[in-house]
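> Would you mind keeping the following structure in view while I ask a few things?
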Amino acid sequence: MFMKIASWGRLAEHPHEVVPLADHRTLVQSIQHGLPGISYGMGRSYGDVCLNPAGTLWQTRRMNRFISFDQGTGILSCEAGVTLKEIQDCLVPRGWMLPVTPGTQLITVGGAIANDVHGKNHHVMGTFGEHVTSFRIARTDGSTLDCNRDHHADLFKATIGGLGLTGVISTAQIRLRRIDSPWLLTDTVPFTSLDDFFSLADRSETDWEHTVSWIDCLTGPQTRGIFLRANHTSEAELTEKQLTAPGTRTPSALNMPVTPPLSLVNKLSLRPFNAAYYHMNARKAGISAAHYQSFFYPLDKIQHWNRMYGRRGFFQYQCVVPRKTARPAIADMLAAIAAAGDGSFLAVLKTFAERPAAGLLSFPLAGATLALDFPNKGARTERLFARLDDIVTQAGGRLYAAKDARMPAQMFAEGYASGLQEFSAFRDPGISSAMSRRLLGS
Amino acid sequence: MTDSTRIVIIGASSAIAEHCARQWAGQAGHESLQFVLLGRDQNRLNAIAGDLSVRNPAATSQILCADFSRAEAIAKTVADIVAGGTPDIVLIAHGTLPDQQLCQQDLTLAADAMQINGLSPVLFAEAFAGHMQAVNTGTIAIIGSVAGDRGRKSNYVYGAAKGLVSRYAQGLQHRLAGSNVKVVLIKPGPTDTPMTAHLKQDGASLASVESVAATIVRGVSKGSPVVYAPGKWWLIMMIIRHLPRFVFNKMDI
């Protein structure tokens with residue numbers, strides 16, 4: 001069936017031949033026709049990693065059954081189309097949580113592996129792929145392979161963060177972590193310069209599992225922001241007052257029912273919004289409690305929030321720069337954004353720790369990552385990105401493919417040089433995406 | 001629900017039925033929950049049973065592959081199920097969406113479509129009704145369709161079969177009105193399932209199977225006589241049912 005499909009950034013909507021995969025047993029037969037194709041889960045990737053205009057999309061979403069869960073070890077086996085939300089809705093009440101989740105839980109397990117997603121606790125738990133103990137992958141030549149760190153270990157490593165290009169994951173086994181409650185103890189710390197941010201980040205790493213900060217990207221070199229750090233906690237350690245404070249529980253669901261003709265994020269709205277957001281949170285400074293859903297996934301409560309950027313859609317620009325060059329590179333980027341007069345209110349700054357990468361093309365590096373949303377304003381936005389690309393490349397950094405719709409192939413090749421050569425041997429020749437053609441030539 | 005709940009699902013691998021089962025598994029907590037899953041494909045039923053046991057460790061499933069067409073086979077299947085314990089809920093959910101054009105050209109296809117969407121569900125319900133009336137408890141939920149509310153040229157073979165289900169459920173409700181056995185007639189609108197994949201291609205807006213299942217599960221627990229899922233179809237079908245023929249006949253639906 002031909003359907004128009006866009007990714008989360010809504011930059012373009014092209015017809016795709018959509019082939020729903022019914023279950024993991026019949027998957028391998030379903031992917032041998034209409035080649036080349038690419039897996040498509042929840043479509044929450046911002047750019048073109050999950051798109052294949054005029055070609056085939058293997059829709060994994062209906063392949064969403066649990067297979068088994070071991071209450072003793074916390075190992076979950078499930079089909080690849082299960083969402084992180086489905087896992088946590090079912091298992092958090094039983095004291096188990098995913099060790100790593102990104103800022104949305106509305107993504108599939110297959111997508112989490114293919115993009116080797118990370119969360120606010122990278123310095124403690126690393127990436128999603130580190131907690132995947134094994135998976136089964138189907139290839140378009142009709143083979144099905146069970147992969148783990150001992151068996152087909154090289155394909156295992158290529159598939160984690162492999163952008164869906166090594167095959168279609170049918171089932172996966174994930175090790176969950178124990179939690180005492182769905183609650184986190186959070187500490188909110190306002191800061192007023194990048195130096196403050198980096199010193200807060202360094203000091204927080206040993207005592208806090210989750211660290212992240214929102215920054216006001218319009219304030220230039222004197223960057224102000226809100227540093228948020230948190231630990232899992234038990235309900236007994238929280239006071240009644242903390243548990244019942246407004247905003248602690250999950251907020252009620254909101255919806256963005258229509259796409260406005262122009263982006264609601266614009267010069268007029270951004271400055272007052274950022275100021276208000278900063279002062280609102282600065283007033284909340286200190287210790288409080290947060291339910292995991294409102295702490296990890298605040299935007300999941302606003303259905304279709306991506307529509308607020310208007311009909312032309314938006315880009316997310318997420319880079320990582322190595323520790324040594326991080327401080328000046330981030331300052332340069334913020335200056336470039338302020339000079340361009342464009343900005344984003346979802347500006348997130350976070351440090352990554354030194355860890356062996358789970359996948360050949362995994363994104364994180366020891367250093368700092370900056371993520372920003374920009375409404376699509378055509379050439380003007382492109383010019384800003386070209387400037388940011390220069391800063392990132394010079395600093396020895398790279399961009400996150402899960403968010404990308406436009407980086408030059410050269411930048412990808414340089415950023416991912418260490419794993420790319422080895423990766424190409426594991427590609428499935430029957431699989432191709434808009435992104436793979438753009439960045440890898442096929 | 002009580003301490004031990006027994007739920008029988010006929011056509012358990014249909015997408016709507018599977019999602020109803022997931023929601024029942026999710027809400028039953030740690031009480032004992034027994035599913036009887038009846039379908040045609042053993043592998044699919046096994047996968048669904050495995051999924052339900054993760055969602056609720058207290059849930060067990062009995063899997064049955066059965067003949068859906070012969071009356072004697074249906075009577076025997078139902079007698080066996082009831083012998084294993086009186087069901088609290090019976091959900092009759094099987095069906096196919098036939099191609100109307102092909103049914104017009106080939107009477108065998110039309111007959112099969114009538115059989116599986118109309119006669120078969122009604123016979124299952126009739127078989128359970130006798131047993132449940134005898135013990136005077138339980139809920140029989142039958143999936144009909146909004147298509148059964150008024151015949152339309154685009155799918156009246158299916159619509160006629162579902163119309164049979166509607167009229168049957170009405171009669172059974174009348175018969176059991178003084179008893180504790182509830183009969184729930186469910187009329188889903190077009191739902192995003194493998195059965196309706198071709199409608200989606202034509203740009204139809206389909207309700208999510210999760211939301212339809214939630215409406216059904218709520219309707220079953222309340223024992224509502226008629227449940228439109230989503231609820232807006234009650235209004236839409238009321239209008240369509242009452243359109244004068246000269247207007248209706250001009251519509252391309």
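> Find out how many positive minus negative residues lie around A:TRP8, taking Lys and Arg as positive, Asp and Glu as negative, among other residues whose Cβ is under 10 Å from that of A:TRP8.
It works out to a net charge of +3.
> To continue, here is another question. Within segment B:135-210, report the trypsin sites (Lys or Arg not before Pro) that DSSP leaves as loop and that have at most 16 other Cβ atoms within 10 Å.
In loop regions of segment B:135-210 (DSSP not H, G, I, E or B), the sparsely surrounded trypsin sites (Lys or Arg not before Pro) are B:ARG150, B:ARG152, B:LYS153.
> Convert 4 °C to kelvin, take the viscosity as 1.567 mPa s, use the Kirkwood radius over C-alpha pairs of segment B:4-248 as Rh, and evaluate the Stokes-Einstein diffusion coefficient in µm²/s, rounded to a whole number.
Estimated diffusion coefficient is 71 µm²/s.
> Taking amide H positions as placed in the peptide plane 1.01 Å from N, state which residues far from A:TYR40 in sequence (5 or more) or on other chains have amide H under 5 Å from it.
A:TRP58, A:GLN59, A:THR60
> Where does chain A land at 222 nm, in deg cm²/dmol rounded to the nearest 500, when only DSSP H runs of n ≥ 4 count, each adding -39500 (n - 2.57), divided by all residues?
One gets -8000 deg cm²/dmol as the mean residue ellipticity at 222 nm.
> With axes computed from alpha carbons, what is the tilt in degrees of helix B:156-175 against the longest principal axis of chain B, rounded to the nearest 10 within 0 to 90?
Between the helix axis and the principal axis of chain B, the angle is about 50 degrees.
> Once segment A:278-414 is represented by equal point scatterers at the alpha-carbon sites, with solvent omitted, what log10 I(q)/I(0) does the Debye formula produce at q = 0.13, 0.15, 0.21, 0.22 Å⁻¹?
Normalising to I(0) and taking log10 leaves -0.66, -0.87, -1.39, -1.43.
> Mean-square fluctuation check for chain A, GNM, Cα pairs under 10 Å: which of A:PRO364, A:PRO182, A:PRO298 is largest?
A:PRO298
> Considering chain A as a Gaussian network with a 10 Å cut-off on Cα pairs, which listed residue, A:THR351, A:THR244, A:THR127, attains the greatest mean-square fluctuation?
Highest fluctuation among the options: A:THR244.
> Still on this model: Would you mind counting up the charge near B:THR137? Only other residues with Cβ under 10 Å from its Cβ, with Lys and Arg at +1 and Asp and Glu at -1.
So the surrounding residues net to 0.
> Apply the Karplus curve 6.51 cos²θ - 1.76 cosθ + 1.60, θ = phi - 60°, to the phi angles in segment B:94-111 and return the couplings in whole Hz, x for Gly and Pro.
6, x, 9, 10, x, 7, 4, 4, 5, 5, 5, 8, 10, 4, 4, 5, 4, 5
> Where the Cα atoms of segment B:5-86 are projected onto their three principal axes, how long is each span, largest first, in whole Å?
Sorted from largest, the Cα extents of segment B:5-86 read 37, 24, 17 Å.
> Can you list residues whose amide H is under 5 Å from A:GLN303's amide H, if they're 5+ apart or on another chain and H is modeled 1.01 Å from N?
Residues meeting the amide H criterion: A:LEU254, A:ASN255, A:MET256.
> Work out the count of Lys pairs in segment A:183-408 where the Cα-Cα distance is under 28 Å, with the pair 8 or more places apart or on different chains.
Lysine pair count for segment A:183-408: 17.
> Where the only charges are on Cβ atoms (+1 Lys, Arg; -1 Asp, Glu), what is the dipole of segment A:183-408 about its Cα centre, to the nearest 20 debye?
It comes to approximately 820 debye.
> Same structure again: Using the beta-carbon distance between A:THR26 and A:ALA245 and R0 = 45 Å, what value does 1/(1 + (r/R0)^6) give for FRET efficiency, to the nearest 0.05?
0.35
> Taking Cα centroids, how far is segment A:173-213 from segment A:344-368 in Å?
15 Å
> Using all C-alpha to C-alpha distances in segment A:183-408, build P(r) with 5 Å bins and read off the rounded percent in each one.
Result returned by the calculation: 1, 6, 13, 17, 19, 18, 14, 8, 3, 1, 0.
> Sorted from largest to smallest, which semi-axis lengths in Å does the alpha carbon gyration tensor of segment B:71-185 give for its equivalent ellipsoid, taking the root of 5 times each eigenvalue?
28, 16, 9
> A further question on this structure: If you put +1 on each Lys and Arg Cβ and -1 on each Asp and Glu Cβ, how big is the dipole of segment B:4-248 around its Cα centre, in Debye rounded to 20?
That gives a dipole near 760 debye.
> Let me ask another. Which residue, A:ALA366, A:ALA358, A:ALA417, tops the fluctuation ranking in a GNM of chain A built on C-alpha contacts under 10 Å?
A:ALA417
> Hey, if you put +1 on the Cβ of every Lys and Arg and -1 on every Asp and Glu Cβ in segment B:75-228, which of B:VAL135, B:SER179, B:SER205 ends up farthest toward the positive end of that dipole?
B:SER179
> Treating the angle as unsigned and between 0 and 90°, give the value, to the nearest 10°, between the Cα long axis of helix B:233-242 and the longest Cα principal axis of chain B.
40 degrees
> Would you list the membrane-span-like helices of chain A, meaning whole DSSP H runs whose alpha-carbon atoms span at least 30 Å along their axis and whose mean Kyte-Doolittle value is at least 1.6?
none
> Also, quick follow-up: How are the Cα pair distances of chain A distributed, in percent, across 20 Å bins from 0?
Taking every Cα pair in chain A, the percentages come to 26, 60, 14.
> Kindly write out, for segment B:135-143 in residue order, the coupling ³J(HN,Hα) from the Karplus curve 6.51 cos²θ - 1.76 cosθ + 1.60 (θ = phi - 60°), rounded to whole Hz, with x marking Gly and Pro.
8, 6, 7, x, 10, 10, 10, 10, 8
> Can you give the charge dipole size of chain A about its Cα centre, rounded to the nearest 20 debye, using +1 on the beta carbon of Lys and Arg and -1 on the beta carbon of Asp and Glu?
1040 debye
> Can you tell me what share of the DSSP beta bridges in the protein assembly as shown is antiparallel? A percent to the nearest 5 is fine.
Here the share of antiparallel DSSP bridges comes out near 60 percent.
> Which one of A:PHE352, A:THR239, A:TYR317 has its Cα pushed farthest toward the positive end of the charge dipole of segment A:183-408, where Lys and Arg give +1 and Asp and Glu give -1 at the Cβ?
A:TYR317
Computed from the coordinates by the stated procedures, all read-outs in this text should not be read as laboratory data. All values reported here derive from a predicted model rather than from experimental measurement. Ideal geometry is used to build each Cβ from the backbone, glycine not excepted, and the neighbour counts take in all protein chains shown.
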